[in-house]
1. Using a 10 angstrom cutoff on alpha carbons, build the Gaussian network for the chain and name the most mobile of 81, 202, 159.
2. Using bins 5 angstrom wide from zero, how does P(r) for region 4-172 break down, in % of all Cα pairs?
3. In region 243-274, which residues have a backbone nitrogen under 16 Å from the label point lying 7 Å from residue 281's Cα in the Cα-to-Cβ direction?
4. Lysines near residue 162 by alpha-carbon distance under 18 Å, same-chain residues fewer than 8 away left out - which ones?
5. Under DSSP H, which helices of the chain have Cα atoms covering 30 Å or more of the helix axis and a Kyte-Doolittle average no less than 0.0?
6. Can you work out ³J(HN,Hα) from phi for every residue in region 84-94, in order, using Karplus 6.51 cos²θ - 1.76 cosθ + 1.60 and θ = phi - 60°, giving whole Hz and x for Gly and Pro?
7. How big is the Cα convex hull of region 178-285 in projection, averaged over all directions, in nm²?
8. Please find the FRET efficiency linking residue 268 to residue 170, where r is the Cβ-Cβ separation and R0 is fixed at 41 Å, and quote it to the nearest 0.05.
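Taken together, the values in this text are just the output of simple stated rules run on the coordinates, not laboratory data. Note that this is a predicted model, so its numbers are computed, not measured. When we count neighbours, we look across all protein chains shown, and the Cβ atoms used for this are built from the backbone with ideal geometry, even at glycine.
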Amino acid sequence: MEDSVVQYFYTLPKDSSFSSPADIHISWAGHRKCTASHNIGPRVLDTYKLVVVLSGKGYLEQDSHPAIPLSAGDMFFLFPLHLHHYWADPEDPWEIMWVAFNSSLCPRFLSSIHISHDHYVLNGILNDSLQRAMYQVINALGDESDQYRFCAIGALYTLFYKIDLALRNQEAALPEPEESIATKITAFIDQNFYLPIDMDTLCQHVSYSRSYISRIFKAEMGMTVSEYVQKTRIRNAQSLLRDTNISIQEVSYSVGIDDPLYFSKTFRKLVGISPRDYRNQAKARS
């Protein structure tokens, strides 16, 4: 059984006005439903090549990196003069589309979508919009007239745009990392320590339950939320005791503690001396 393939080539005329190294040039594009024997390389190309997996599975090696398994929805980039080897999975051979292109601007284009020699596979990125853009590149290259060449180049630019858009949507859909919850809570406390802060307020701020916040915060910060609130208030109280002449009671109120006796007790517990002694020592050192 042979591969089912549709592919088009465009040969740039030697006297073409499109000879500037900045001009993007598409030389080859196609669509192949592969058999189990599909095996390309190891080889190098003198162009960039984007390959999209429509269905099935396969594998890619580039440079000295180990083989990467690929499946429907993935895409990968090959770099000029970099040794590569890719092949279909024998049990579930893939169906692929590709476009080969070149320009001095390519590194900038690829960098804008975070593609590099160490990161050249995008998993699960393909959507209907991207697939249509790939078909537009392939179909436009089927007519070798310059006007259709412009259409193919325009479709390639659109494809890059849609890859960037898909990546942004993919990132937006990711669940918020657990450590960012603790970061969000500490930032809220640092900026609002002088206000009454309870767990209900924090739950509303980060949109998570009390038990979840408590567990994640303790795991990330090594202390409870209330312990962090206390330390933040006392740290700011130290600054007020050093840098202002307001009374101990006013310092207590200024850091969100309405009971000056409780404030003094907490201060001594965390700092080791009373607020008054701390102020006197700070003045003596200044």
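1. Ranking 81, 202, 159 by mean-square fluctuation puts 202 first.
2. 2, 8, 18, 22, 22, 16, 8, 3, 1, 0
3. 243, 264-274
4. Within the straight-line cut-off, residue 162 pairs with 49.
5. Working: long enough: 146-172 (39 Å, 0.02).
For the chain, where a helix must reach 30 Å along its axis and average at least 0.0, the hits are 146-172.
6. 9, 8, 9, 8, 7, 5, x, 7, 9, x, 7
7. Numbers: hull surface 27.6 nm².
If you wrap the Cα atoms of region 178-285 in a convex hull and average its projections, you get 6.9 nm².
8. On the way: r = 52 Å, r/R0 = 1.27.
So the FRET efficiency works out to roughly 0.20.
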